[in-house]
Amino acid sequence: MLFLLMGGMDAYALTPQQKRAKAKEVQMRKREAAKRKAEKKRAAKAKAAKKKRLKEGKPLLYVYTYDLRSGEKLAATHITAQNIHARPNKKPIINKATDAKRARVSKGLPAATYWIHAARLGYFPSDTLYFDHRKDEDSVAISLYPETRLTFTVTDSLTSRPVVANLIVRRPDQSRVLQTTSDSVHSLIAVLLDDRVPYYTIEATAVDYFPFFDTIVKPEEFRGVIMQPREIKSFVLHNIYFATGKTRILASSEPALNELYRYLNSRPKQRIRIVGHTDNIGSDRSNQVLSEGRCREVKKAMVDRGIRASRIEIEGRGEKDPILPNTSEQNRQLNRRVEIVLLKESSL
């Protein structure tokens, strides 16, 4: 009888696998209970914080930041916020970075109107005006536009060696984005551009070189600054555009015309000859007439800006002097050009 009883107990003993499963189940129940307790505690804490905010009159404000192109949230964006009526030297009410998980900052703020500023490396900073918020919680989304980093070199057109040159990059309103001097070793220049701006103008000047003027419309297509030694006595005026088969200058040529005017205006004794070139599309006679007419239009643009007509000569060369064979559209585009030849300075 005793033997049967002991055997019956052995028959109901747990196997090692069952013991582990039971222990795991017990641990899971404990974790779930702890989780419910923590959630209840957080809810109570949030309720108490909300009650405190309502009592103090400080609604909760969340500030989120996004990439304007991709729409993705941006972590580590520095946020500052200040009441618009605060005195200038007062410490900002918010002065911290967005968190890595939700790309936000939060703060209980008195209901008022605030300037909120967001800044992040590699992006243009952005500001927004946030008006009174009376709700217990509110949010603001600020989108930042990514910067375009342009790097280029300043080199000699004959030797391709680096050139020491003074560089100025301007926006269309003539405000300066960059003013620096290239070095004689690497001559590598970097500048941050906003591709929402329609174009930038670049001017480079160096001893014993002709000034360089160009327009940056698409940074990825900018070939860099190529300086021409003064012994060449001429340079191509880039980014002058005409209506197809006509002498009319297009509005997109304004930056290049302004740069040429700036050069002539800064050197009141300098005389120039404007030489026009075309491709070989059309007859010799029509191309000759076209090149002369385009030179006259460029001269007129300078005279209209205040340059004396006596300082400017014109010469139409038609299709006589191509720099490349007219065998492709790309070559023909390079052959259609306006060249500036420097003449002996006036004694006036």
Yes/no for Q179 being surrounded by fewer than 16 Cβ atoms within 10 Å (Cβ to Cβ), in a strand (DSSP E or B) and assigned by TED's automatic domain parsing to the domain that holds R223: yes
Count - residues of the stretch 200-218 that are surrounded by fewer than 16 Cβ atoms within 10 Å (Cβ to Cβ) and within 30 Å of L144 (Cβ to Cβ): 2
Members of the stretch 179-225 that are in contact with a Phe, Trp or Tyr (Cβ under 8 Å, 6 or more places away or on another chain) and among the aliphatic types (A, V, I, L, M): L188, I189, L193, I202, A204, I216, V217, V225
Subset of the stretch 118-177 [more than 25 Å from N258 (Cβ to Cβ), of a type in the set (K, R) and at pLDDT 90 or above]: R120
Tally, over the stretch 219-248, of residues that are aliphatic (A, V, I, L, M), buried (at least 16 other Cβ atoms within 10 Å of the Cβ) and farther than 18 Å from I312 by Cα: 3
Residues satisfying the stated conditions in the stretch 224-249, i.e. closer than 15 Å to Y199 by Cα and free of Cβ contacts under 8 Å to residues at least 40 places away in the same chain: H238, N239, Y241
Residue ID - surrounded by the fewest Cβ atoms within 10 Å (Cβ to Cβ), chosen from residues in the stretch 42-63 that are assigned to a loop (DSSP other than H, G, I, E, B) and at pLDDT 70 or above: K58
Those residues of the stretch 204-229 which are among the hydrophobic types (A, V, I, L, M, F, W, C), within 19 Å of the chain's Cα centre (by Cα) and assigned to a loop (DSSP other than H, G, I, E, B), in sequence order: V217, F222
Qualifying residue in the stretch 234-248 (condition: small (G, A, S) and under 26 Å from P172 (Cβ atoms)): yes
Output for the stretch 202-247, where each listed residue is of a type in the set (K, R) and within 20 Å of R161 (Cα to Cα): R223, R230, K233
Elements of type strands (runs of 3 or more DSSP E) contained in the stretch 110-152, each with 1 or more residues being free of Cβ contacts under 8 Å to residues at least 60 places away in the same chain: 114-119, 126-130
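The values are calculated or read from the model by the stated rules, or taken from the named source; none is laboratory data. Note that the structure is predicted; figures quoted are calculated from it, not measured. No Cβ is skipped: glycine too gets one built from the backbone with ideal geometry, and neighbour counts run over all protein chains shown.
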